[in-house]
Amino acid sequence: QVQLVASGGGLVQAGGSLRLSCAASGNIFSINVMTWYRQAPGKQRELVAGITSGGRTNYADSVKGRFTISRDNAKNTVYLQMNSLKPEDTAVYYCNIVARVRGSSSLENYWGQGTQVTVSS
């Protein structure tokens, strides 16, 4: 009922920038929180940044000052602008939303397919 399509990943040199996008579609009534997570090889998935429907944001300490999360509610899309990238930012990045579909009163978690970000030194 809900699909998330992430894009924008790629290979970049240290110090470079990338912008990730994640578009949600389907039978969506409302989206509460939109979040980016990442998972590096051999490590657990970790929260990178989140944004509420009201625009309140939170960031992992490791990305504060370098990454910016934003959303376009009209397009059901969340973005992650990543600047000053470091090799340790290399991971698969996943988007997640907490949303309510039409006809339902409950909030559910939905995940995108992930997009690879590789930062070379």
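Restricting to the range 19-37, name every residue that is under 20 Å from ALA91 (Cα atoms) and either of a type in the set (Phe, Trp, Tyr) or in contact with a Ser or Thr (Cβ under 9 Å, 6 or more places away or on another chain) (or both).
LEU20, SER21, CYS22, ALA23, MET34, TRP36, TYR37, listed by residue number.
Would you kindly identify the strands (runs of 3 or more DSSP E) lying entirely within the range 1-50 that contain at least 2 residues that are surrounded by 18 or more Cβ atoms within 10 Å (Cβ to Cβ) and at pLDDT 95 or above?
2-7, 18-26, 28-39
For the range 85-106, give me each residue that is over 13 Å from THR118 (Cα atoms) and in contact (Cβ under 8 Å) with a residue 24 or more places away in the chain.
Scanning the range 85-106 gives TYR94, CYS95, ASN96, ILE97, VAL98, ALA99, ARG100, VAL101, ARG102, GLY103, SER104.
Pairs needed: first member in the range 13-39, at positive phi; second member anywhere, open to solvent by less than 60 Å² (accessible area, probe 1.4 Å) and not in a loop (DSSP other than H, G, I, E, B); C-beta distance under 7 Å; at least 6 residues apart or different chains.
Short answer, once both residue conditions are applied: GLY26/VAL2.
The values are calculated or read from the model by the stated rules, or taken from the named source; none is laboratory data. Everything numeric in this text was worked out from a predicted model, so none of it was measured. Cβ: placed from backbone, ideal geometry, glycine included. Neighbour counts: every protein chain shown. Remember, those area values only see protein heavy atoms, side chains included, never the ligands or the DNA or RNA. Shrake-Rupley method; radii C 1.70, N 1.55, O 1.52, S 1.80 Å.
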